[in-house]
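Values in this text are rule-based calculations from the coordinates and carry no lab data. Not measured: the values here are computed from a predicted model. Positions of Cβ are backbone-derived with ideal geometry, glycine not excepted, and every protein chain shown enters the neighbour counts.
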Amino acid sequence: MSLSRRQFIVRAGLLAGFGPGLLAACGGDDTSPSATDAVADGSAASSTGGVVRIAAWPFYIENDQNPKKAATIANFINKTGIDVDYQLAIDDNVSFTAKFEGDLKAGKGIGFDVAQPTSWMASKWIANGWVEPFPVDKIPNKVNVIDSLASPAWDPDRSKSLPYSIIQTGIAYYPDKIDGEITSIKDLFNPKLKGKITILSEMRDSVGFMLLMMGVKPADAKLDEMLKACEELRKLRDAGQFRKITGNGYIEDLGAGETGAAMAWSGDVAGIQVDTPDLKWVLPSEGGILSSDTLIIPKGGNVDTAAAWINYLYDPTVSGPLFEAINYGSPVKGAADSMTPEGKANPVINPAADAALYGWRDLTDDEQNQVDEAFVAATQQ
Amino acid sequence: MAFGGGGGAKPVGDGIRPSNRWVPWMLLGPGLAWLFVFFVIPLFELGRGSLVRGGLSNYSNVFSDNGEVILRTFVYAFVATVLAVILGYPLAYFIAMKAGRFKTLLLAAVVLPFFVTYLIRTLAWKILLFGDGPVVGLLRWTGLLSRNGEVLNTHAAVIGALLYNFLPFMVLPIYVSLDKIDRRLLEAAPDLYADGRRTFFRVTLPLSLPGVFAGSLLTFIPSCGDFVNAELLGGDRQRMIGNIIEKNFLRENFRPQMSALSFVLMLLILGGVLLYARILGTEELA
């Protein structure tokens, strides 16, 4: 599976490589003048050379195997003269953070100028003082961040972080393997599908699904409701509903057709569909979970090169083709206008404005610990 | 038992002059230092970590939280080890006693899978065992598996994979102990009117037991701690202790419990091994 996925990424990369110039030439109408000016400023300010070291998740650039050949990175190097050291250093939030915790606490650099933990983890980094504040004047494109993500409680003026990507958690399924369609979380948890489905080991996704099924929005959930959701998950698990409870590992089984239906991340599904067109994606009627990975500058990182990279990503003509290639949502205003008509119309990349997607509220440390513990007890032990 | 025969080391201490008494310590030094830094200190840290937040209750919770997984882990490892003896012994016997000039070739064949990484070997099994793959197709066709039955995500898949991955660790020690048996003993047995079966059970088998013992440890202990096979070939119902630790050790909140679980795993293995050594009576090895 991973091979064909890789082929897909390469193909997508080629597309993106031709994309930007073409689209920039014919589709500038929708980008606001301030944004266009900002691009010019940004590239002028950062023609100083140097290197930006990026800690990234897999499948977040057009070409993971050879990042220098990814259009987004190659163009950045051309434009700014800043070299890019792109490393797939993040496999999951917890282990990535644990690996550098000691250095961060000691105030030492971690060897990266940019990292992309998920927003809830980024908020922890910020609260702990493990990040460098953004040199805001060097990131003029910051104004392009979409309104819904412009001022989270943990970084209200976005002076230390900006979203990298928007992720939807929904359901992927094979109609013929489960003899029918799935339209809701209730369908997914129907005993009829016992042993055929997988759910994610990310607490916010799985507990979030259960909360939505209980009719509670994760943004309003109280602690006892979250704990109740964990308990409900445990009951389902004890009844044998889940084939597996995994992180990224669900991709292989789903791609191979071993899993009938899966709680899934939007970008992954688009990747798998290239080889298995009968795989369907649905945002459940109760709603899906919305999350975002977040750009930060880890303590000790090179603020200048990092700012140049972040500013570059916030150019809609850069963001559009990149996110069309990787099949995640772009947090940059106007990015959709730099996509092909197909990309623009793809609900995996650009969900409808009124799509039922719900983010989590910020949890207190105590809530986080309690729910985490209940979730692990319910799903792992 | 016949194991005393191989040992019988003569006391050599008398030969060392008092001024040279530090020589053995110097020879041991690098090894001891290595063990201290990379074994004793981490173990101490792990022990200390298992007692923060909750103290000894972390240990009592280990069984109530993970009882099923602990039991499953040891059953898997035990079954895999027993099967490895049953499969590995005849193979080692054949190579050592009957293979003649093909001995080297066969030994190479046993070791050959190691030239492919552990992960790829296990993933290859996964591909073979997929629901629309050849193995499941054949099993369904013969009726050994129901029409919707599957092999992946079953106990058999995980045990089979453990067996496959650790079998060479069983074969090689048994081979070595069989190979070094003095052939004159085997010739003497028929001279003393023992038939083939009797020769095997009274001479060959007892002399090869140290190999079986070593092979069992090399199979059982890593099997207990393994998580790759259960992760790739098993499902939610096939999790082993290794999977639980792997998933949660890095979560700060769970580190004390996971440290306690690691210690419990270690103690249970140690207990099992001591019991086994006692039953088999191998002073030489235990």
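Quick notes on this structure:
- Residues being among the charged types (D, E, K, R), assigned to a helix (DSSP H, G or I), in contact (Cβ under 8 Å) with a residue 40 or more places away in the chain and more than 30 Å from B:Lys98 (Cβ to Cβ) are represented in the stretch B:237-244 by at least one member.
- Lone qualifier among A:Val143, A:Val94 - being among the β-branched types (Val, Ile, Thr), in a helix (DSSP H, G or I) and free of Cβ contacts under 8 Å to residues at least 40 places away in the same chain: A:Val94
- Filter pass, A:Pro175 being out of contact with any helix residue (DSSP H, G or I) (no Cβ under 9 Å at 6 or more places or on another chain), in contact (Cβ under 8 Å) with a residue 40 or more places away in the chain, outside any helix (DSSP H, G or I) and surrounded by 14 or more Cβ atoms within 10 Å (Cβ to Cβ): yes
- Among the residues making up the stretch A:365-379, a single one is polar (S, T, N, Q) and closer than 19 Å to A:Asp238 by Cα: A:Thr379.
- Qualifying residues in the stretch A:336-358 (those that are touching a Gly at 6+ places or on another chain (Cβ under 7 Å) and part of a helix (DSSP H, G or I)) - the one surrounded by the most Cβ atoms within 10 Å (Cβ to Cβ): A:Ser338
- Search result, residues across the stretch A:90-110 that are of a type in the set (Val, Ile, Thr), more than 9 Å from chain B (Cβ to nearest Cβ) and under 16 Å from B:Arg255 (Cα atoms): none
- Scan of the stretch A:235-264 for residues that are out of contact with any strand residue (DSSP E or B) (no Cβ under 9 Å at 6 or more places or on another chain), buried (at least 16 other Cβ atoms within 10 Å of the Cβ) and more than 10 Å from chain B (Cβ to nearest Cβ), ordered by number: A:Gly255
- Hey, B:Ala188 more than 14 Å from chain A (Cβ to nearest Cβ) and either outside any helix (DSSP H, G or I) or of a type in the set (A, V, I, L, M) (or both) or not: yes
- Within the stretch B:62-72, one or more residues are more than 25 Å from the chain's Cα centre (by Cα) and assigned to a helix (DSSP H, G or I).
- Only one entry of A:Ala345, A:Ala353, A:Ala335, A:Ala306 meets the criterion of being aliphatic (A, V, I, L, M), without any contact (Cβ under 8 Å) to a residue 24 or more places away in the chain and within 22 Å of A:Asn75 (Cα to Cα), and that entry is A:Ala335.
- Pick from the stretch B:219-236, criterion within 18 Å of B:Val151 (Cα to Cα) and part of a helix (DSSP H, G or I), ranking: farthest from the other protein chains (Cβ to nearest Cβ): B:Asn229
- Among residues of the stretch B:96-142, those that are in a helix (DSSP H, G or I), of a type in the set (Ser, Thr, Tyr) and either within 14 Å of chain A (Cβ to nearest Cβ) or loosely packed, with under 12 Cβ neighbours inside 10 Å (or both), counted: 3
- Filter result (without any contact (Cβ under 8 Å) to a residue 60 or more places away in the chain and in a helix (DSSP H, G or I)) within the stretch A:51-91: A:Pro67, A:Lys68, A:Lys69, A:Ile73, A:Ala74, A:Ile77, A:Asn78
- Hits in the stretch A:86-115 (condition: within 19 Å of A:Ile61 (Cβ to Cβ) and exposed (fewer than 15 other Cβ atoms within 10 Å of the Cβ)): A:Gln87, A:Asp91
- Among the candidates B:Asn153, B:Asn148, B:Asn165, the residue that is on the phi > 0 side of the Ramachandran plot and either within 14 Å of chain A (Cβ to nearest Cβ) or touching a residue at least 12 places away in the same chain (Cβ under 8 Å) (or both) is uniquely B:Asn153.
- Considering residues of the stretch A:47-85 that are of a type in the set (Ser, Thr, Tyr) and within 18 Å of the chain's Cα centre (by Cα) only, the residue surrounded by the most Cβ atoms within 10 Å (Cβ to Cβ): A:Thr72
- The lone criterion from (1) surrounded by 17 or more Cβ atoms within 10 Å (Cβ to Cβ); (2) on the phi < 0 side of the Ramachandran plot; (3) not in a helix (DSSP H, G or I); (4) not hydroxyl-bearing (Ser, Thr, Tyr) left unmet by B:Ile159 is number (3).
- Residue in the stretch A:219-236 that is closer than 20 Å to B:Asn153 by Cα, part of a strand (DSSP E or B) and in contact (Cβ under 8 Å) with a residue 12 or more places away in the chain present: no
- Within the stretch A:220-232, if we keep just the residues that are closer than 27 Å to A:Pro347 by Cβ and among the hydrophobic types (A, V, I, L, M, F, W, C), the residue that is surrounded by the most Cβ atoms within 10 Å (Cβ to Cβ) turns out to be A:Ala229.
- Taking the criterion of being in a loop (DSSP other than H, G, I, E, B) and farther than 20 Å from B:Gly225 by Cβ, the residues of the stretch B:33-61 that qualify are B:Leu51, B:Val52, B:Arg53, B:Gly54, B:Gly55, B:Leu56.
- The residues of the stretch A:295-335 that are within 16 Å of the chain's Cα centre (by Cα) and either among the β-branched types (Val, Ile, Thr) or not in a helix (DSSP H, G or I) (or both), listed by number, are A:Leu295, A:Ile296, A:Ile310, A:Tyr314, A:Ile326, A:Asn327, A:Tyr328, A:Gly329, A:Ser330, A:Pro331, A:Val332.
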